[in-house]
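Engineer: For reference, the structure I am asking about is given below.
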Amino acid sequence: MVQGETRNAAGGVPNGLADGRTVQLGSALRAAREARGLSLREVARRVGVSPSFVSQVETGKANPSVGTLYSLVGVLGTSLDELIGEASGNETQGAVPSTSAPVTASGGWPPVETPLQGATGRKRLQMSGVVWERLTHDHDPYVDFLHVVYAPGSASCAPEELMRHGGREYGHVLSGRIEVQIGFETYGVGPGDSIHFDSSTPHRLSNPYDDPCTAIWFVIARSGDDRPSGYA
């Protein structure tokens, strides 16, 4: 088993939405992979996991870590937010989610169809020890606006496999504590504390404490980071 990932026991609790509907994340990943014409083996090779693990994720028998899921969506040319929407049945099924470009002077913001997201019914994504709930009702191509919970002992990735991707991250801890490693520095973030950093710097989030950590998290321009290569 790859570190930071779990397999669901037969008949175990599947990934689900806050209102109890099952998120078919694996089906959305499989649809994106097949639409790209990629084999299980090729995706596994690019991500650095076994083909059998990718197959188990696609069939709902295993939960990836945050880091592995980021790698999967990067290889598939999609985003986590688009997958949440597609997995929830709110996007066009079977379509290849496109990578959105950032806002430019000549472009406009897409319309906001539903401004309010209530406290219940949020789109929910459960990974290995980590739960993300989307705080926008609809997919926002420019920001991931999330309510996150890191269970005790959970982490976004293995200690030797730090994550890096486009954009910037902003976090505000509501309860509990979390450690955020950014490059060679590690910061302890507690209730009321905030942190922000460049996501292109290798980083890792972990909760080595006895209580869960609950936070609000923003990731801006993860998919559409158009900075010059010298800045990414």
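The values are calculated or read from the model by the stated rules, or taken from the named source; none is laboratory data. Because the structure is predicted, anything quoted here is derived from the model rather than measured. With ideal geometry, Cβ positions are generated from the backbone for all residues, glycine too; neighbour counts draw on all protein chains shown.
Engineer: Right, R41: part of a helix (DSSP H, G or I), touching a Pro at 6+ places or on another chain (Cβ under 6 Å) and either among the charged types (D, E, K, R) or at pLDDT 80 or above (or both) or not?
Structural biologist: Judged against the criteria, R41 is a match.
Engineer: Now for a separate question. Mind checking which pairs have a first residue in the stretch 30-51 that is in contact (Cβ under 8 Å) with a residue 60 or more places away in the chain and a second that is part of a helix (DSSP H, G or I), Cβ under 7 Å, 6 or more apart or different chains?
Structural biologist: Final answer for the pair search is A32/L76; R36/L76.
Engineer: Looking at V149 and the list (1) modelled with pLDDT of 95 or more; (2) surrounded by fewer than 17 Cβ atoms within 10 Å (Cβ to Cβ), which single condition is not satisfied?
Structural biologist: It is condition (2) that V149 fails.
Engineer: Where residues in the stretch 49-74 are touching a helix residue (DSSP H, G or I) at 6+ places or on another chain (Cβ under 7 Å) and surrounded by fewer than 19 Cβ atoms within 10 Å (Cβ to Cβ), which of them is modelled with the lowest pLDDT?
Structural biologist: Ranking the qualifying residues of the stretch 49-74, first place goes to G60.
Engineer: Okay, next question. Kindly list the number of the only condition in (1) in contact with an Asp or Glu (Cβ under 8 Å, 6 or more places away or on another chain); (2) polar (S, T, N, Q); (3) touching a residue at least 12 places away in the same chain (Cβ under 8 Å) that fails for Q181.
Structural biologist: Only one criterion in (1) in contact with an Asp or Glu (Cβ under 8 Å, 6 or more places away or on another chain); (2) polar (S, T, N, Q); (3) touching a residue at least 12 places away in the same chain (Cβ under 8 Å) is unmet by Q181, namely (1).
Engineer: Output the residues belonging to the stretch 204-232 that are surrounded by 17 or more Cβ atoms within 10 Å (Cβ to Cβ), more than 11 Å from R168 (Cβ to Cβ) and at pLDDT 80 or above.
Structural biologist: R204, L205, S206, N207, P212, C213, A215, W217
Engineer: Look through the stretch 122-139, keep the residues that are under 11 Å from the mean Cα position of the chain (by Cα) and in contact (Cβ under 8 Å) with a residue 40 or more places away in the chain, and return whichever of them is nearest to I220 (Cα to Cα).
Structural biologist: Only one residue fits best here, namely R134.
Engineer: Given the options G176, G171, name the one that is buried (at least 17 other Cβ atoms within 10 Å of the Cβ) and under 15 Å from the mean Cα position of the chain (by Cα).
Structural biologist: It is G171.
Engineer: Count, please, the residues in the stretch 188-203 that happen to be small (G, A, S) and either closer than 16 Å to V130 by Cα or at pLDDT 95 or above (or both).
Structural biologist: 4
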